[in-house]
Amino acid sequence: MKKKILSVALAAVLVLSLTLAGCGSSDGGEKQGGNGKLVGVAMPTQSSERWIKDGRNMKAQLEALGYEVFLQYAEDDVQVQLAQIETMIAKKVDCLVVASVDSSALINALQTAKEEGIPVISYDRLLMNTDAVSYYASFDNEGVGRKIGEYIEEKAGLADAAEPQTIEFFMGSPDDNNAVLLYKGVMSVLQKYLDDGTLVCKSGRTSFEDTCILRWSQEVALQNCENYLSGFYADEKLDICCSAFDGFAYGIKAALEAAGYTEEDWPIITGQDAEVMAVKNIIDGKQTATIFKNTELLAEKCTGMVDAVIEGSEPEINDTETYDNGKMVVPSYLCEPLSLDKDNYRELVIDSGYYKEEEIQNAK
């Protein structure tokens, strides 16, 4: 009985803390702006620079339209995000924007939002197995994978390679639909080279199930790379690390350095998100490429969706076929991802104003 009372008390404290921690306008929480509407934005984590930027962009763009924003980060804790979304529903937000930690845990809460008449926008990570989602804003996730595969194909000269090259895979979280699509895109390019022996994966781990990394964990990527290097590459160098995320690339870099790899035998390492640290590593030769996803553009498209559903109009969409979440095909806007490496990073992220040069120089 004491445990039950303690559990209820802790839950109450959590909900209260989440309410107090909300990020809104400077008026202390009262609705304000041109339309007086409140938007709840649930982001997965602040452990990745990418999601911090996403939250900041969404908040700024929504506030520019006169909305109040209740922004929360769950730090990759499923139950924390569930409590945050329940709090947003209790606050009677006028729209929910959700980038999920694990959407399977949110189904009942999203159904409650639907019953309360609160529209839900799925942000970058598709909300699965629910008909409570109105629209989806993301990037072409299979296209992200294709670009990673095509970059490796070109950089490693696979089309006319004289000798086999070794490769290991570091794919995204199994509870993220984007990761499945990214893997599909990668293999649409690289599978033929695995089949004909141009690429050799000495660990034998090439399926999504064998290469996926829960919660996009940098630490697990580091451990996996250490295990591959010690178990399969003691007498032969690893040529290519096909990584689906910049965070994985950081772990891979640490494992390679510990194993004694130098500039002369450094493998191709890919990534995704063009984090400022990744760009610095690319300049320094410690990462080969990443996928640049302009989160300012993504926030712009998602903000347009929010404004449309609240005002009762139709948002801009460009895909009505791809994203079946198990309950419905979700109308989507897909932004275009771009490959970034040492040759074009300045054009993509410096000249465009996405990053300041000193941000990259000072990245740690």
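The values are calculated or read from the model by the stated rules, or taken from the named source; none is laboratory data. Just so we're clear, the structure is a prediction, and the values are computed from it rather than from any experiment. Cβ placement follows ideal geometry from the backbone for every residue including glycine, while neighbour counts extend to all protein chains displayed.
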Of the listed residues (Tyr333, Tyr323, Tyr250), the one being aromatic (Phe, Trp, Tyr) and free of Cβ contacts under 8 Å to residues at least 40 places away in the same chain is Tyr250
Quick check on Tyr151: is it crowded, with 20+ Cβ neighbours inside 10 Å, closer than 22 Å to Lys342 by Cβ, at pLDDT 95 or above and touching a strand residue (DSSP E or B) at 6+ places or on another chain (Cβ under 9 Å)? yes
Counting only residues that are without any contact (Cβ under 8 Å) to a residue 24 or more places away in the chain and either part of a helix (DSSP H, G or I) or within 21 Å of Asp54 (Cβ to Cβ) (or both), how many does region 263-303 have? 2
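Go through region 219-262 residue by residue and tally those that are in a helix (DSSP H, G or I) and either at pLDDT below 95 or aliphatic (A, V, I, L, M) (or both). If you could, list the steps in order and put the result at the bottom.
Of all residues in region 219-262, those in a helix (DSSP H, G or I) come to 219-232, 246-258.
With the extra rule that they be either at pLDDT below 95 or aliphatic (A, V, I, L, M) (or both), the set shrinks to 220-222, 229, 249, 252, 254-256, 258.
Residues flagged as in a helix (DSSP H, G or I) and either at pLDDT below 95 or aliphatic (A, V, I, L, M) (or both) within region 219-262 amount to 10.
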Would you pick out the residues in region 220-244 that are touching a Gly at 6+ places or on another chain (Cβ under 9 Å), within 18 Å of Lys155 (Cβ to Cβ) and not small (Gly, Ala, Ser)? Cys242
If you scan region 155-170, which residues turn out to be touching a strand residue (DSSP E or B) at 6+ places or on another chain (Cβ under 6 Å) and not in a strand (DSSP E or B)? Lys155, Ala156, Pro164
Tyr333 vs (1) over 23 Å from Gly247 (Cα atoms); (2) not in a strand (DSSP E or B): all pass except (2)
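Take Ala255 and decide whether it is in the same structural domain as Gly172 (by TED's automatic domain parsing) and either in contact (Cβ under 8 Å) with a residue 12 or more places away in the chain or at positive phi (or both). Break it down into steps so the answer makes sense when it comes.
Details: in the same structural domain as Gly172 (by TED's automatic domain parsing): yes; either in contact (Cβ under 8 Å) with a residue 12 or more places away in the chain or at positive phi (or both): yes.
Spelling it out, Ala255 is indeed in the same structural domain as Gly172 (by TED's automatic domain parsing) and either in contact (Cβ under 8 Å) with a residue 12 or more places away in the chain or at positive phi (or both).
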For region 86-98, state whether one or more residues are within 27 Å of Leu340 (Cβ to Cβ), over 22 Å from the mean Cα position of the chain (by Cα) and at pLDDT 95 or above. no
Counting only residues that are surrounded by fewer than 18 Cβ atoms within 10 Å (Cβ to Cβ) and among the polar types (S, T, N, Q), which one in region 314-336 is farthest from Phe139 (Cα to Cα)? Thr320
